[in-house]
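One structure below.
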Amino acid sequence: MIRKLLRKVFKRPQNERHEPALIPVARHGIRREQLSPAARKVCSVLQEKGYKAFVVGGAVRDLLIGHPPKDYDVATSATPEEVRAAFRRSRIIGRRFKIVHVMSGPETIEVSTFRAGQDAESADTDEHGRVLRDNVYGNQEEDATRRDFTVNALYYDPSTETIVDYHHGVADIQHKTLRMIGDPRTRYREDPVRMLRAVRLGAKLGLTIDPAARNPIREMGVLLENVPAARLFDEMLKLLFSGYAVKCLKQLREEGLHHGLLPLLDVILEQPMGERFVWLSLENTDERVRQDKSVSPGFLFATLLWHEVLTAWERRKAAGEHAQPALFEAMDEVLDAQAGKLAITRRIVGDIKDIWALQPRFDKRAGKTPYRLIEQPRYRAGWDFLRLRAQAGEIPMEIVDWWDRFAHAGHDEREALIRHAPAESAPAAAKKRRRKRRKPAGAANAAPAGETMPGSESA
Ligand code: ATP
Ligand code: MG
């Protein structure tokens, strides 16, 4: 107790306090009009009530670099309760710490109270030094110091258009450097997820990770094992949907951050069969994110795990199971093995299954079946998935084109398409023929006509 008090008194001698640089708009160039209306409003309302309030973190960094900000965070001297009282449409949410979501028009601004970081000695930590709780309020300088990278510790005041910079973040952005605040090893020990953030932000923003922050990653990566799976999953989602997934994943591999550390990464990087498919899907996701098109975790995970499903499905069918039930069993088998390890949420699991379950139905191009399929709510996602499979060479592109034409045709043309559709997909037919040749007549496997065969060599 006394030791703690002494440390508090002596930790920061007066001469160690440093005044922040106040950088005027003439030097940084960000005009208040570039911010979202909601972010400006939240700051001005809090300032009118006498609190300090700044746009902070990713948004300031992205504006300086010339990226459109994804969302806005505000840091303030007001407590969560005071923020809540200042805005009618707001709610306090508390995961690791209490923050306030303020809704304004279609936007939600995340408002957090200035917090002090805690050194590993006085904080509540696990046996590896990981900080378990860091919800001690502090002043602005402390708030800046507890942030991870210098470029993330910039405070923009919309009323004066000034940036408050405690750690030379503006200079680091100019030098395209991602630099850790404080001692990188200590900061990784406090929160190993910072290693993933370093890789993601470096790749996404085209910043070079400062060697002092980069070098320890290889040896400290093992600390990621102590991070709760749900938090890792959140961070991996951010990475996969950053618009730079391919670059991030290659960088993670280069830093040695896979092999058991990130179960998801093992799935992505270590599939001999589905490699082409998985990378194609990641490139596709990157492109969609950059074009501001919608992306869904369900779709992406369905692609990442598809080849495991194919393998399990094939194995079951080879053992004599009927195709349709074998597919559902294979789906469950793969999801049971992976979903828990990856911490995939139940909702995402539902989406993944929907997309997979549609795949064999694309082979049925007779009677009324195609009409029913295109009415399915997940038809579009299922078709996108089908197209990816064709692009990867798993199935012929002809099926994909057929469905595209069918979905957009009028009634007569649809009937004609059905009349002229092959009875079943080429690879399935070829495989069946092969099987028939091998087995005596009548002993052929009872797979229903027209189901797409997995892993087929045709393209
Ligand atoms: P983006 O939103 O583009 O993914 P970001 O930097 O805004 O990037 P957030 O997760 O929104 O990321 O975090 C907002 C800010 O909170 C960061 O800019 C940083 O200052 C701080 N922060 C986030 N995570 C950590 C962490 N693990 N350790 C220290 N500070 C963090
Ligand atoms: Mg952010």
| query | Can you tell me which residues in the stretch 20-66 are in contact with a helix residue (DSSP H, G or I) (Cβ under 9 Å, 6 or more places away or on another chain), assigned to a loop (DSSP other than H, G, I, E, B) and more than 14 Å from ligand 2 (Cβ to nearest atom)? | reply | PRO20, GLY29, ILE30, ARG31, LYS49, TYR51, LYS52
| message | Any residue that is at pLDDT below 90 and among the acidic types (Asp, Glu) - is there at least one of those in the stretch 279-290? | response | no
| query | Given LEU239, LEU201, which one is at pLDDT 95 or above, near ligand 1 (Cβ under 10 Å from one of its atoms) and buried (at least 19 other Cβ atoms within 10 Å of the Cβ)? | reply | LEU201
| Which residue pairs have Cβ atoms closer than 9 Å, lie 6 or more positions apart in sequence or on different chains, and pair a first residue in the stretch 199-210 that is of a type in the set (D, E, K, R) with a second residue that is within 12 Å of ligand 2 (Cβ to nearest atom)? | ARG200/LYS238; ARG200/SER242; LYS204/HIS67; LYS204/SER242
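Run down ASP286, ASP336 and say which single residue is assigned to a helix (DSSP H, G or I), within 19 Å of the chain's Cα centre (by Cα) and farther than 30 Å from GLU415 by Cβ. First the steps, then the outcome.
Numbers: ASP336 fails: within 19 Å of the chain's Cα centre (by Cα).
Unique residue meeting the criteria: ASP286.
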| said: Need a quick list: helices (runs of 4 or more DSSP H) entirely within the stretch 182-227 having at least 2 residues that are within 16 Å of ligand 2 (Cβ to nearest atom) and at negative phi. | reply: 193-205
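If I filter the stretch 67-108 down to residues being closer than 27 Å to PRO228 by Cα and more than 16 Å from ligand 2 (Cβ to nearest atom), which single residue comes out as most open to solvent (accessible area, probe 1.4 Å)?
Initial filter on the stretch 67-108 (closer than 27 Å to PRO228 by Cα): 70-75, 80, 91-101, 108.
Of the ones still in play, those that are also more than 16 Å from ligand 2 (Cβ to nearest atom) are 80, 91-92, 94, 98.
Working: PRO80: 1, ARG91: 120, ILE92: 65, GLY94: 60, LYS98: 98 Å².
Checking each candidate, the answer is ARG91.
How about the stretch 6-35: which of its residues are acidic (Asp, Glu) and at pLDDT 95 or above?
The one that is acidic (Asp, Glu) and at pLDDT 95 or above: GLU33.
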| request: Go through the residues of the stretch 111-118 one by one and say whether even a single one is modelled with pLDDT under 90, away from ligand 2 (no atom under 16 Å from the Cβ) and in contact with a helix residue (DSSP H, G or I) (Cβ under 6 Å, 6 or more places away or on another chain). | output: yes
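The values are calculated or read from the model by the stated rules, or taken from the named source; none is laboratory data. Treat the numbers as computed from the prediction; the structure is a model and nothing was measured. In this analysis, Cβ positions are derived from the backbone assuming ideal geometry, glycine residues included, and neighbour counts consider all displayed protein chains. With ligands, DNA and RNA removed, areas are computed over all heavy atoms of the protein, side chains included. Shrake-Rupley method; radii C 1.70, N 1.55, O 1.52, S 1.80 Å.
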